[in-house]
Amino acid sequence: MARPDWYRLDNIGRFYSAQAGHQGQTVFRFSADMAAEVNPFALQVALNRTVARYPGFNVSLRTGMFWHYLEPSGIVPKVHEENLPICFPLHAGPHSLLFRVSFFRTRINLEVSHIIADGRGAKRFFQELLRFYVGELEGRDGQEAAWNPEPTDTIADRTEDSFRRHYDPDAAESAPAQRAYKLPGARNRLDPLYMEYHLPASQVVDWAHSLDVSVTALVIAAIICAIRATMSPGKHDCPIRMDVPVDLRQFFDSTTMRNFFGLAFVSYLPGQHDEPFEAVAAEVQRQILATCTADAIKGRMNRMVSLERNPLLRWAPVFLKDAGLEGITRLSALEVTTSVSSLGRIRLAAEVEPHVRSISLLTASTGLNFTICTFGDDLCIGISTTLVRPDAVRHLCRLFSARGIHGTIDSNLDARGVVRRLREARFDGGLRDVRDDAASRFMVGGSSAVKEASEPLANDSSGHGCAERGDLHAELS
């Protein structure tokens, strides 16, 4: 089948394209910590094969009179040793690729602009990249069929605008503006803090089952309680409101790898008396079941598409569209406290899994964002924040530790940077032991691990980032 000369942006991609060229572009990142150091040649071969299978990723953002659009790029993507900050902006001009693949020591990273794909689409690309990589290491020719293929999966299926195909103007719902608690404090937008909070998945699942809630509901409830613990008493009448992306493919016939998700919302009013965690988790589960129905999600999806199709916006020049879409995005951000995105369990081909130790997911942030994914017995909560004092993170860790579920945090900052952030966030009251350990595994920028437990950390935590190299081990009470 012939490949198209250009692609329309999907509904979500059009909103994100308004960020093009700005520092605050929405980029998300998959990382796999491999069992052995990365072979750059094998990774390049794997990337070539993956792009050949999924050409919709190898595109550049171009600008017309009325809309941005995507054009196949003549650039051959190259893997490179990591040398940029996490989730660094991808669009820098009309020929910029909107994804990148990097590596450092044992870690493989895929960073993708939200202009071209959502989490599920990028996950599928990443799964195939890892499969081709392991196949190259083991001497396979890489020509086998795609792992877990969709029944009628063609290039057209993978690159379609499913918003456009499934839009129903009669099903669009209106949504009144909602107020939400806003996280206070100074922000460092030029040097965000990225953390991976690794927990034993089996223990988290057991806790969720004991409360008769999903793992996603449990983590959201934990985040709500962590934020509640940082709120001043005078703010307890303001709801903590978070958006939760929901994959629309489960409601529609679609195998697209582009953006195709809707938003559900969870809102919790703290009140003057703190409810027990069990009650918060039950309420979160109730709201998720109520707001993640097909009808509710479809209504919100059609409302987003109807905004894009507004005649005043549709026929406006592209620079006015960008300003309007960016304004809508900023107003929408005022209605949420934070975002929580869950990709659930990530599965790899059987021959690949022994080569991978853990998988993590992070996203760019202008405030505080959380991502959740599970691989094997590792549940990773990705934390991205521009807040100088991420107090809610400390309370989140302590909540799991109080339950006897101990984990580690890997950070993009080096030892001195972590100590500075910990002190600014008033972590230093519980900081007992800080020591350099050059034997630890780390990526560019070193590793920093924070563990809320009674025993010292093992010397095998892995980090990521791009500051000075170093390692910090800390123990919090």
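FYI, it's all coordinate maths here, none of it is from the lab. Fair warning: this is a prediction, and the values are worked out from it, not measured in the lab. Positions of Cβ are generated from backbone atoms using ideal geometry, with glycine treated the same way; all protein chains shown enter the neighbour counts.
Structure notes:
- Per residue convex hull volume, Cα atoms of segment 295-384, in Å³: 168
- Length gained when the stretch R345-A92 is fully extended (0.36 nm per residue, less Cα-Cα span): 87.7 nm
- FRET efficiency, 1/(1 + (r/R0)^6) with R0 41 Å, evaluated for F319 and A186 via beta carbons: 0.80
- Candidate lysines - alpha carbon under 22 Å from K321, same-chain residues fewer than 8 apart omitted: none
- Label point distance in nm, D237-V205, each placed 7 Å from Cα along Cα→Cβ: 4.5
- Candidate lysines - alpha carbon under 17 Å from K182, same-chain residues fewer than 8 apart omitted: K235
- Computed lengthening from L84 to T63, 0.36 nm per intervening residue step minus Cα-Cα distance: 4.9 nm
- Cβ-defined net charge surrounding F88, 9 Å radius [Lys, Arg +1; Asp, Glu -1]: 0
- The C-alpha radius of gyration of segment 36-134, expressed as a fraction of 2.2 N^0.38 Å, stands at 1.08.
- Working note: Cα atoms of segment 202-349, range along each principal axis, descending, whole Å: 52, 49, 27.
- Distance in nm between pseudo-label sites at F41 and A402 (7 Å out along the Cβ direction from Cα): 5.5
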